[in-house]
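In what follows, a single structure is set out as structure tokens and then discussed.
What follows draws every value from the coordinates through simple rules; no lab data is involved. Note that this is a predicted model, so its numbers are computed, not measured. We place every Cβ from the backbone using ideal geometry, glycine too, and count neighbours over all the protein chains shown.
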């Protein structure tokens with residue numbers, strides 16, 4: 001499927017991209033190649049395949065939750081730009 005220069009300009013407009021005439025030709029070629037690949041994929045018989053969002057099973061991998069000692073407050077606050085009474089001090093966001 002070959003896209004025309006006008007179609008490429010329309011796609012660029014939809015994507016809010018400003019492209020030059022040289023880029024139109026470059027993207028016309030690239031987008032046409034992509035569309036040809038989709039045409040090839042359309043030929044694959046998927047009638048017996050169930051719909052799926054993933055091609056492989058996903059598993060959450062968690063490490064065992066083991067309590068560890070926390071850092072001392074002096075280490076935690078060492079690089080804080082502001083601190084007060086052992087806590088981070090930040091400027092008020094709301095009045």
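Is it true that residue 26 is free of Cβ contacts under 8 Å to residues at least 60 places away in the same chain, farther than 23 Å from residue 3 by Cβ and surrounded by 10 or more Cβ atoms within 10 Å (Cβ to Cβ)? Criteria not met by residue 26. Would you confirm whether or not segment 48-59 contains a residue that is more than 30 Å from residue 10 (Cβ to Cβ), in contact with a strand residue (DSSP E or B) (Cβ under 9 Å, 6 or more places away or on another chain) and part of a loop (DSSP other than H, G, I, E, B)? No, there is no match, as no residue in segment 48-59 is more than 30 Å from residue 10 (Cβ to Cβ), in contact with a strand residue (DSSP E or B) (Cβ under 9 Å, 6 or more places away or on another chain) and part of a loop (DSSP other than H, G, I, E, B). For segment 1-23, the set of residues classified as surrounded by 13 or more Cβ atoms within 10 Å (Cβ to Cβ) and assigned to a loop (DSSP other than H, G, I, E, B) consists of 3, 19, listed by residue number. Against the test of being surrounded by 10 or more Cβ atoms within 10 Å (Cβ to Cβ), on the phi < 0 side of the Ramachandran plot and assigned to a loop (DSSP other than H, G, I, E, B), the options 92, 78 yield a single qualifying residue, 78.
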